[in-house]
1. Just to verify a number: FRET efficiency for E160 and N333, C-beta to C-beta distance, R0 = 22 Å, to 0.05?
2. For T323 and R7 in the same chain, what is the full-extension length gain: residue separation times 0.36 nm, less their Cα-Cα distance, in nm?
3. Taking 0.36 nm per residue of separation and subtracting the Cα-Cα distance, what length does fully extending E37 through E215 add?
4. Once you put a point 7 Å from the Cα of K410 and another 7 Å from the Cα of H109, both along the Cβ direction, what distance in nm separates them?
5. Just to confirm the number: angle between the C-alpha axis of helix 263-272 and the first principal axis of the chain, 0 to 90 degrees, nearest 10?
6. If you average the alpha carbon positions of segment 221-258 and of segment 94-163, how far apart do those two centres end up, in angstrom?
7. Expressed in nm to one decimal, what extension gain is obtained for the pair K364 and H280 from 0.36 nm per residue of sequence separation less their Cα-Cα distance?
8. Could you work out how far apart the two model spin labels at D296 and N82 are, taking each label as a point 7 Å from the Cα in the direction of the beta carbon, and quote it in nm?
Amino acid sequence: MDSIVVRGNGPLSGQIPIAGAKNACLALMPATLLSDEPLTLTNAPRLSDIRTMTELLASLGAEVTALQDGKVLATSCHGEINPVADYDIVRKMRASNLVLGPLLARLGHAVVSLPGGCAIGARPMDIHVDALSALGAEIELKDGYLHAEAKGGLKGAVHELRFASVGATENFLMAASLAKGTSVLKNAAREPEIVDLAKCLRAMGAQIEGDGTSEIVIEGVDRLHGATHPVVADRIELGTYMLAPAICGGEVECLGGRIDLIESFCEKLDAAGVSVEQTHTGVKVSRKNGRIRAVDVVTEPFPGFPTDLQAQMMALLCTAEGTSVLEEKIFENRFMHAPELMRMGANIEVHGGHATVHGVEKLKGAPVMATDLRASVSLILAGLAAEGETVVSRVYHLDRGYERVEEKLKGVGAHIERVKAS
Ligand code: EPZ
């Protein structure tokens, strides 16, 4: 397993290109199952999760061809479709559950393995099952697989999610696009990735309104045609790299970044003493004079503070002046980066869903272990400003969601190397 070595750094300067959003692309790729015509995705990120989704779609009979060094995904699904999403692939990546809605809509039946838990939580699928059942699907759990059947096809319905689940909203949108009649989804997730999926589905001929709000209306159509769609910029990668100059000092421009994708995060950065400016090429970030100030953070569904930036924000707050309290309200076990940051000298107390961070002057480099995707990058951010050397092991977690992280950070002056496993 590769590891990444980071050495404490002075101020950073330069530009970091922001890639297409992993969490948008993982919802857009299964949309190819909805049509027998080609769907081309441009501005696609080059990540191991995208390769896992490619493997899953291929197992179902869809084709995904990576062009232009992986930045373009040419997908199609015009032959025989296998309705079974196998545990061996699904267990590697929870987003595999996003084939359930499209398979049901296209075939009228699907057999999709439950993904099983992951490091950050149990991550059940009850909200997905309730939403698709509202459209007329009969779904039962057998041997760890969801067996779904929609005799006579899916029918439009009004349904309210008990929680604004991103994945359940995406499965419902894709299924309702081909259902007979009108559907209304209430308490829908509002994330930019939902809006991006709706844009792509409209380009394919779907009739969807209200995406980005809590109430989405979908008029089912008989069929969807092919399209070409650009993947929206990755707001979580953007927020992650905005924290690099915030932690190290200096000034960095994140090319392709858009503040409107992460306004609540930018407000917290401003309160902590970080200046953020939208330019016509991206987002420019620099630390205002003086030490970072402590701020409190509560993670919430969009437009609240993103849970996927909580670990990275904690890395910044470890050396802030004062005490910060971070409340994680989305996942039940998303503070695994805290003990690793404490190995670097951070002063953090975790009680249930709250982490209290007492700022210290400086962190000290240490060997640390990545436990999940966002925790791994928070350790790299902490290492950028720590005294001495930090070695982050198990960086396969990192490669799921960040393309060429060491190249991007080296490009703005960071002392960072990837050490290939022997
Ligand atoms: C998406 O996961 C993202 N993944 C996650 O990003 C992100 O953290 C999450 O949304 C929240 O923003 C992708 O888009 C591929 P949810 P998703 O359904 O759709 C519970 C990353 O780091 N829940 O909104 O799975 C669930 O357990 C990843 O890129 C149920 O209880 O998130 C969690 O506590 C991590 N039953 C909460 O809701 C369900 O049926 C939010 O889940 C579904 C979800």
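1. 0.20
2. Result for the pair: 111.2 nm of gain on full extension.
3. 61.2 nm
4. 5.3
5. With both axes taken from Cα atoms, the answer is about 10 degrees.
6. 29
7. The span from K364 to H280 would gain 26.5 nm if fully extended.
8. About 5.2 nm separates the two model spin labels.
Read-outs: derived from the displayed coordinates by stated rules, not from any lab. Since this is a predicted model, take the numbers as computed values, not measurements. With ideal geometry, Cβ positions are generated from the backbone for all residues, glycine too; neighbour counts draw on all protein chains shown.
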